[in-house]
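Colleague: Handing you a structure now.
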Amino acid sequence: MKVLVYSAKDFEIPFIEKANIRKHKLIFTKKALSSETAMMAVGFEAISIFSADEAWVTTIEKLKDFGVKYITLRSVGYDNVNLRAASRLNIKVANVPAYSPNAIAEHSVALLLTLNRKLIESNSRVKRHNFNLNNLVGFDLNGKTVGIIGTGKIGTVMTKIMHGFGCQLLGYDIEENEDLTKLYNLRYTTIQDLCERADIISIHVPLTTETHQLINKDLISEMKNGVIIINTARGSVVNTEDIIDGLKKGKIGSLGIDVYENEKGLFFNDHSQEIPNDDLFIQLNAFPNVLITGHHAFLTNEALTNIAETTIYNLDCWASSKDTENELTEINKSLQN
């Protein structure tokens, strides 16, 4: 099968090539899929896209006209694909449903520990041979209340890790995981109660119509003063303007994010020679108590291997006229653009 791999990153290409073993003819491009770049797919039976690519109605229609039959995502989330349009035009779409929950959860913990123990400031001082300890005080995680919003695969790993730190655990999800309550004493509650009681809130929900800007000024106003918020899910799960307001007022003590609601066109690119045309991001990045990583929580050898192998597996199934269990056949409740 001839496949065009959009948004190909240097770090992932070796993993994809190793998984492929020359079974499919892969052509890599660093350009992202959009209505403007869809024409590049002329002559390709399948394409592979990343989370920053755009496959909305117009783009899907163009891909159909150009002969594309299959779209395989190198991500779990698929809010960037209009499944309704794809289904109507008989274009099959599949994702990587679980490449490494450990990678994401562990990155969440890394953000939390770095913020709490002020590691960046401490290291910066040491680089300047300044060993003054003023304003570097953190707190023990043991005994603190951690609210985990979303207890799916990633949230489950986060629960295990925070239980190991001796935290009290609150959970919020539309489906409760009884194993988490039995093994780790996680107690499910309402989103309001979680926000009122948690010292730390970690977000692990997909982006849906229900979770879009779930964390807003109303919930923030109910949170403890000085709460730490960690988001490695999707940027649009939080209202960035409300988050900034919470930071200014001191309601939010620290913020650690690997995702940002306006990250498209910003993340995964080098803007070091320019100032981003994004006032919200500039404001966020200026706070000393905000730690931002550029959507790289997934960036481990294990995750990249799983992503590549599942991507090739999806292509293998389609090339053999078989269905893949990773196929996205329902619109579900994801945001459709």
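Here, each number is a calculation from the coordinates, and none is a lab measurement. Please read these numbers as outputs of a predicted model, since none were measured by experiment. Neighbour counts run over all protein chains shown; Cβ positions are idealised from the backbone, glycine included.
Colleague: Under a cut-off of 26 Å between alpha-carbon atoms, report the lysines in cross-link reach of Lys160, not counting same-chain residues fewer than 8 places apart.
Modeller: Lys118, Lys144, Lys182, Lys224
Colleague: Computed over the Cα atoms, what is the radius of gyration of region 101-292 divided by 2.2 N^0.38 Å, N being its residue count?
Modeller: Cα-based Rg divided by the globular estimate yields 1.03.
Colleague: For labels at Asn216 and Asp279 in the simple 7 Å Cα→Cβ model, what's the distance in nm?
Modeller: Each label point is offset 7 Å from its Cα along the Cβ direction, giving 2.1 nm.
Colleague: If you don't mind, another one. What residues have an amide H closer than 5 Å to that of Gly256, excluding those fewer than 5 places away on the same chain, when H is modeled at 1.01 Å from N in the peptide plane?
Modeller: When sequence neighbours closer than 5 places are left aside, the close amide H contacts are Ile229, Ile230, Asn231, Leu291.
Colleague: What's the ranking of 53-60, 152-159 by average number of surrounding C-beta atoms within 10 Å, highest first?
Modeller: Values: 53-60: 21.0, 152-159: 23.5.
Going by the mean number of other Cβ atoms within 10 Å, highest first, we get 152-159, 53-60.
Colleague: Show me 285-292, 222-229 ranked by packing, highest mean number of other Cβ atoms within 10 Å first.
Modeller: Peptide ranking by packing, descending: 222-229, 285-292.
Colleague: Give me D for the chain in µm² s⁻¹, whole number, from Stokes-Einstein with Rh from the Kirkwood sum over alpha-carbon pairs, 37 °C and 0.692 mPa s. Numbers along the way, then the final one.
Modeller: Numbers: Rh = 21.2 Å.
Translational D for this selection: 155 µm²/s.
Colleague: Further question on the same structure: Given only helices, namely DSSP H runs of n ≥ 4 each adding -39500 (n - 2.57), what is the per-residue ellipticity at 222 nm of the chain, to the nearest 500 deg cm²/dmol?
Modeller: -10000 deg cm²/dmol
Colleague: Which whole-Hz couplings ³J(HN,Hα) result when phi for each residue of region 177-185 is put into the Karplus expression 6.51 cos²θ - 1.76 cosθ + 1.60, θ = phi - 60°, listed in order with x for Gly and Pro?
Modeller: 9, 5, 4, 5, 6, 6, 8, 10, 6
Colleague: Of the options Thr329, Ala308, Thr190, report the single residue whose Cα projects farthest towards the positive end of the charge dipole of region 188-337 (beta-carbon charges: Lys, Arg +1; Asp, Glu -1).
Modeller: Selected residue: Thr190.
Colleague: Next question. How big is the charge dipole of the chain about its Cα centre, in debye rounded to the nearest 20, if each Lys and Arg gets +1 on its Cβ and each Asp and Glu gets -1 on its Cβ?
Modeller: In total the dipole reaches around 680 debye.
Colleague: Restricting to Cα pairs below 8 Å that are 6+ residues apart, what does the relative contact order work out to for region 190-337? Please round to a whole percent.
Modeller: Here the relative contact order equals 21 percent.
Colleague: Turning to a different aspect of this structure: Work out the P(r) tail for region 182-337: percent of alpha carbon pairs separated by more than 24 Å, whole number.
Modeller: 47
Colleague: Mind giving me the FRET efficiency for Thr305 and Asn134? R0 is 45 Å, r the Cβ-Cβ distance, nearest 0.05 is fine.
Modeller: That pair, Thr305 with Asn134, gives E of 0.55.
Colleague: Along the positive direction of the dipole of region 101-292 (beta-carbon charges: Lys, Arg +1; Asp, Glu -1; about the Cα centre), which of Gly171, Thr159, Val137 reaches farthest?
Modeller: Farthest towards the positive pole: Val137.
Colleague: Per residue, how big is the convex hull around the C-alpha atoms of region 1-46? Give it to me in cubic angstrom, could you?
Modeller: Working: hull volume 2.7 nm³, N = 46.
That works out to 59 Å³ per residue.
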